[in-house]
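Only one structure is covered here, and it is reproduced in the block below.
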Amino acid sequence: MDISSYFSVWGKLEPATQQALSAAVMSRRAEVGTVLYRGEAECLGLVVLKSGRLRTYMISPDGREVTLYRLLDGDICLFSASCVLNGLQLDIIIEAERESELLVIPSYIFKQQMEKSLPLANYVNEIMNSRFSEVMWLMEQIMWKSMDARLADFLLAEAVLEESTALKITHERIAAHLGSAREVVTRLLRYFQQEGLVELSRGQILLTDEKKLRELAG
C-alpha cells in the first residue's frame, strides 16, 4: 500500500525501510465515537489519518474531559504508538470525531524501522515536538486565559474546521473540549447571545459577530 505521500521524509528513507513500512500498512475504518486508543491499553500502532477527524483528549480525576488536539486528513498520530518511545507513558484517549479511514503501521514494525533509520527517528522527534508544543499551548490557555476568551477562541476555530458559522454542536460537547462544566458553557453562551455575538437554537450556535469574538479571544 502506498503511504509515501503521508511522510514528508519518505524520500530520505532507505528502500528497505520504505518497503518494510509499505508492506506492514493495514487499512481500518472507524465510526463516529469509536475509541481507538486508551493510555493503559496495548499500543495501537502508528496511525495515519487518511480521511476524517480524530480527537485526542484526557479525563481529569473528577471525570471532566479536555481536548489536547485534533487530527485532520493526512495527519500522523504518534501517541497511538507511544510504546515505541522509551519512557513515554501518556494516559490519553483517541476517538473518531467523524467517520474516519485510517492506515495503521504495527508498533513493533515501526519501532524496528525507526531504530535502523536516522531520518525516520528524526521525523518522529519532529512530530513529537509539534504535538507537545500544542499541548503546552493548551496548558497556557487554561492557566492564563479567561473562560470566555477560550470559548470565543473555540467557536472561531470550530467555524474554520466546519467551514460554516452555523455550528451544530451541543453545550456539553463544547464543555468536553474545553475541560469545563456544561453549566459554565451555557451561561457564557447566553451572555454571548445577549451581547449579539451568537444566536442560540436547539443543537446549533450561529456566530453573528466574528469580529467581536476575535477581539474577545485576544
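In this structure, is residue 71 of a type in the set (A, V, I, L, M) and within 25 Å of residue 154 (Cβ to Cβ)?
Taking the combined requirement at face value, the residue satisfies it.
Mind listing whichever residues of the stretch 149-171 are of a type outside the set (Gly, Ala, Ser) and more than 18 Å from the chain's Cα centre (by Cα)?
165, 167, 168, 170, 171
Output the number of the condition that residue 122 fails; it satisfies all remaining conditions of (1) in contact (Cβ under 8 Å) with a residue 12 or more places away in the chain; (2) surrounded by 14 or more Cβ atoms within 10 Å (Cβ to Cβ).
(2)
Could you list all residues from the stretch 205-218 that are of a type outside the set (Ser, Thr, Tyr) and either surrounded by 15 or more Cβ atoms within 10 Å (Cβ to Cβ) or modelled with pLDDT of 95 or more (or both)?
205, 206, 207, 209, 210, 211, 212, 213, 214, 215, 216, 217
Are any residues in the stretch 172-199 part of a loop (DSSP other than H, G, I, E, B), crowded, with 19+ Cβ neighbours inside 10 Å and over 21 Å from the mean Cα position of the chain (by Cα), and if so, which ones?
Result: 197, single match.
Among the numbered conditions (1) touching a Lys or Arg at 6+ places or on another chain (Cβ under 9 Å); (2) assigned to a helix (DSSP H, G or I), tell me where residue 157 comes up short.
So residue 157 meets the others, but not (1).
Might you check whether a residue that is touching a residue at least 40 places away in the same chain (Cβ under 8 Å), more than 30 Å from residue 174 (Cβ to Cβ) and assigned to a helix (DSSP H, G or I) occurs anywhere in the stretch 100-109?
Yes, the stretch 100-109 contains a residue that is touching a residue at least 40 places away in the same chain (Cβ under 8 Å), more than 30 Å from residue 174 (Cβ to Cβ) and assigned to a helix (DSSP H, G or I).
The values are calculated or read from the model by the stated rules, or taken from the named source; none is laboratory data. These numbers come from a predicted model, not from an experiment. Glycine gets a Cβ as well: all are built from the backbone with ideal geometry, and neighbour counts include every protein chain shown.
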